[in-house]
Amino acid sequence: MASVKEKTLWFCTSCGNESPKWMGRCPACGEWNTMVEQTKVTGKSSRQVQSSLQGPSSDPIPLSAVNSTEEHRISLCNGELDRILGGGMVEGSLVLIGGEPGIGKSTLSLQIPLSCPALKTLYVTGEESVKQVKMRASRLGGNDSGCLIYSETLMENILEQADRIRPDLMVVDSVQTMFSRNVESSPGSVTQIRETAALLLRFCKQTGIPVILIGHITKEGSIAGPKILEHIVDVVLQFEGDNRGSYRLLRSIKNRFGSTSELAVFEMTGKGLREVSNPSEMLIPMHEEGLSGVAVSAMLDGTRPFLIEVQALVSSAAYGTPQRSATGFDVRRLNMLLAVLEKRAGFKLSVKDVFLNMAGGLKVNDPACDMAVICAVLSSNFDFAIPSDVCFAAEVGLSGEIRPVGQTERRVMEAARLGFRKIYVSSFASCDNIPEGIDVVRVADVPALCRSLFKTGK
Ligand code: TYD
Ligand code: MG
């Protein structure tokens, strides 16, 4: 190995770009402070590194000659997971499940073989011992007869075993603990992560065995994290949610075999992650009597409509500058909505502290929540409860106009299905099929909304 040389290089943890010197800003992706120092081995082994990204060489062929049979999908015996993958996992696909430590990635991937004993699964763990996995499996319950467990971190051994066993599914937990002999840097470094993913991708494509790869990301973004893997893998699923609360959202960010912006909801229980097939029911606790400061919004996340409770607390500011705080909602947007209320509807909120919270630890960025936000704020301000069978779905513009949002009809349907009797939408919303039992109230601007709801305003 006389030709092998070591060189210090800088890598961007966001896009994987390499540079001979440190830079504050990555010239490739424009991110700040993402460059990390790493040794790169050049010479014989670096040629091997590059070769694992390339598959076996083949000649170009006409596209028309390519056989386009529907890809074969396997069910993971988990309705929510199958749905966000686009109807099961495609054979030979590499799926990355990313998320903060402790959010439930290992739990979810261990639940797959336990609920589908017919699926021969090879569960490779680099983080936990075989005993620890067994303890977790006993806690989760289910049938572990189809699951092979392998505690290993060297990629060459893993691929050799996988090739011998030929499982129906392989789980690799986690990419940060794996390493390959091809690269001489430590596990978790940018080069090792890229190499591990490239080796697995090649294995998937050659054998047709689907692989679930787990990757940690930190709150700050990622240190050599899954961001750089997003280009390599076929599907990226990301866990979100507050790991103190019990709800977990799994979002599809990239999917070469289905639609993105799909969302699956789970609840962490004492026996693992439970599928929540009707998220609206969990996000709106049924209060007997309406409470002040609460308004329900019919929002859409991805393609799924669901209803969420928006909570606000408005109180007199104790100090000169009032506080504005929002959990799960953009605080700048809250400030804008408060300014609209002040300027266009004459409510004096500039001397009040305003706190806003989206129930269930959800992060909301659907503009259709605007109307529920202003209604929750006004409801708390007047201490006037909005009836619990009323909900809202519209955007609020800077001049106080109530703007229509996409797919109003689906939102109305979902609200009607959950027993809401009245929904406020924009005057301009297109909604022709109104289901029975729900009253659709159309309002043009904020003053009209206040007159209709609180019988007050300018
Ligand atoms: P884990 O799946 O190990 O997270 P990750 O692999 O993403 O780091 O663990 C998730 C957390 O969930 C852990 O702190 C313990 C908790 N948990 C439960 O509440 N119930 C359970 O049945 C299991 C297995 C874990
Ligand atoms: Mg884990």
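The residues of the stretch 370-421 that are within 14 Å of L300 (Cβ to Cβ), open to solvent by 40 Å² or more (accessible area, probe 1.4 Å) and aliphatic (A, V, I, L, M) amount to a single one, M413. Consider the stretch 163-184 and keep the residues that are in a loop (DSSP other than H, G, I, E, B) and surrounded by 21 or more Cβ atoms within 10 Å (Cβ to Cβ). The one that is nearest to the chain's Cα centre (by Cα) is S174. Taking the stretch 111-145 as the range and being within 8 Å of ligand 1 (Cβ to nearest atom) and touching a residue at least 60 places away in the same chain (Cβ under 8 Å) as the test, the residues that pass are R139, L140. Among the numbered conditions (1) surrounded by fewer than 19 Cβ atoms within 10 Å (Cβ to Cβ); (2) touching a Ser or Thr at 6+ places or on another chain (Cβ under 7 Å); (3) within 23 Å of F347 (Cα to Cα), the only one that S430 does not meet is (3).
Name the residue that is nearest to L334 (Cα to Cα), counting only residues in the stretch 359-369 that are assigned to a helix (DSSP H, G or I) and open to solvent by less than 10 Å² (accessible area, probe 1.4 Å).
The qualifying residue nearest to L334 (Cα to Cα) is C369.
Looking only at residues in the stretch 100-127 that are small (G, A, S) and at negative phi, the one that is most open to solvent (accessible area, probe 1.4 Å) is A118. Right, L169: in the same structural domain as K105 (by TED's automatic domain parsing), away from ligand 2 (no atom under 16 Å from the Cβ), touching a Ser or Thr at 6+ places or on another chain (Cβ under 8 Å) and not charged (D, E, K, R) or not? Criteria met by L169. Candidates G346, G272, G328, G302: the one that is at positive phi and assigned by TED's automatic domain parsing to the domain that holds E80 is G272. A residue that is surrounded by 11 or more Cβ atoms within 10 Å (Cβ to Cβ), on the phi < 0 side of the Ramachandran plot and modelled with pLDDT under 85 cannot be found anywhere in the stretch 73-93. Kindly indicate the residue of the stretch 265-280 that is closer than 15 Å to G241 by Cα and within 16 Å of ligand 2 (Cβ to nearest atom) and also modelled with the highest pLDDT among those meeting that condition. Of everything passing the filter in the stretch 265-280, L273 is modelled with the highest pLDDT. Would you call G141 crowded, with 16+ Cβ neighbours inside 10 Å and in the same structural domain as K271 (by TED's automatic domain parsing)? Answer is no for this residue.
The values are calculated or read from the model by the stated rules, or taken from the named source; none is laboratory data. Only a predicted model underlies this, so the values are computations on that prediction, with no experimental measurement involved. Positions of Cβ are backbone-derived with ideal geometry, glycine not excepted, and every protein chain shown enters the neighbour counts. For accessibility, only protein heavy atoms count, side chains too; no ligands or nucleic acids. Shrake-Rupley method; radii C 1.70, N 1.55, O 1.52, S 1.80 Å.
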